[in-house]
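This report refers to the structure that appears directly beneath it.
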Amino acid sequence: MEAKAIAKGLRIAPRKARLVIDLIRGKSVEEADKILKNINKEAARLSHKVLTSAVANAENNLHLDKANLYVKEAYVNEGQTMKRMKFGSRGHVDPIKKRTSHITIVVSERN
């Protein structure tokens, strides 16, 4: 049995979020929780919310024990890119790409 949580359209670049997600993949839920609480990055705060939601889904919907859960899958996909323009000197325009992310965490029970 596995429970999943997805956060879509988060205003952080996927490249930055993947650095944090790679640290918790395959770890137990308690260990992943401690890792995310001690990292001083915005991606860690967003990933912690998704992990908490996945654990809550497992406990409430599937009646699994939190002590036996581990992070089975954790990945970041690229979301929609907001395109903006920055005006420079002498009339030229530079494009700015504000990237978004979809964070997915799947927790499962260890056998």
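The values are calculated or read from the model by the stated rules, or taken from the named source; none is laboratory data. These numbers were taken from a predicted model, which means no experiment stands behind them. Note that each Cβ is placed from the backbone with ideal geometry, even for glycine, and that neighbours are counted across all protein chains shown. Calculation scope for accessible area: heavy atoms of the full protein, side chains included, ligands and nucleic acids excluded. Shrake-Rupley method; radii C 1.70, N 1.55, O 1.52, S 1.80 Å.
A few comments on the model shown:
- Accessible surface for Arg110 stands near 120 Å², nearest 10, in the context of the full protein assembly shown (1.4 Å probe).
- Taking 0.36 nm per residue of sequence separation and removing the Cα-Cα distance, the Glu30/Lys4 pair yields an extension gain of 7.7 nm.
- The amide H of Leu64, built 1.01 Å from its N in the peptide plane, has Glu59 as neighbours under 5 Å, considering only residues 5 or more places off or on other chains.
- From largest to smallest, the equivalent ellipsoid semi-axes obtained for the stretch 1-53 from the alpha-carbon gyration tensor read 17, 14, 10 Å.
- Tensor-based shape of the stretch 1-107 (alpha-carbon gyration tensor, a/c under 1.5 rounded, otherwise prolate or oblate): prolate
- Distance from the stretch 49-111 to the stretch 1-39 (C-alpha centre basis), Å: 8 Å
- Between Lys98 and Arg110, the distance separating the two model label sites (each 7 Å from Cα on the Cα→Cβ line) works out to 4.2 nm.
- For the chain, the mean residue ellipticity at 222 nm estimated from helices alone is -11500 deg cm²/dmol, where every DSSP H run of n ≥ 4 contributes -39500 (n - 2.57) and the total is divided by all residues, rounded to the nearest 500.
- Compared with the alpha-carbon gap, the fully stretched path from Glu59 to Asn77 is longer by 3.9 nm at 0.36 nm per residue.
- Protein heavy-atom accessible surface, 1.4 Å probe, per residue over the stretch 1-101: 66 Å².
- Normalised by 2.2 N^0.38 Å, with N the number of residues, the alpha-carbon radius of gyration of the stretch 29-77 equals 1.15.
- For the stretch 44-111, averaging the sequence separation of C-alpha pairs within contact (under 8 Å, six or more residues apart) and dividing by the residue count gives a relative contact order of 39 percent.
- The stretch between Ser89 and Lys41 holds 13.9 nm of extra length on full extension. This uses 0.36 nm per residue minus the Cα-Cα distance.
- Residue among Leu69, Ala13, Ser53 farthest towards the positive dipole end of the chain, charges placed on Cβ: Ala13
- Within the accessible area of the stretch 27-111, the carbon and sulfur atoms contribute 46%, probe 1.4 Å, all protein chains present.
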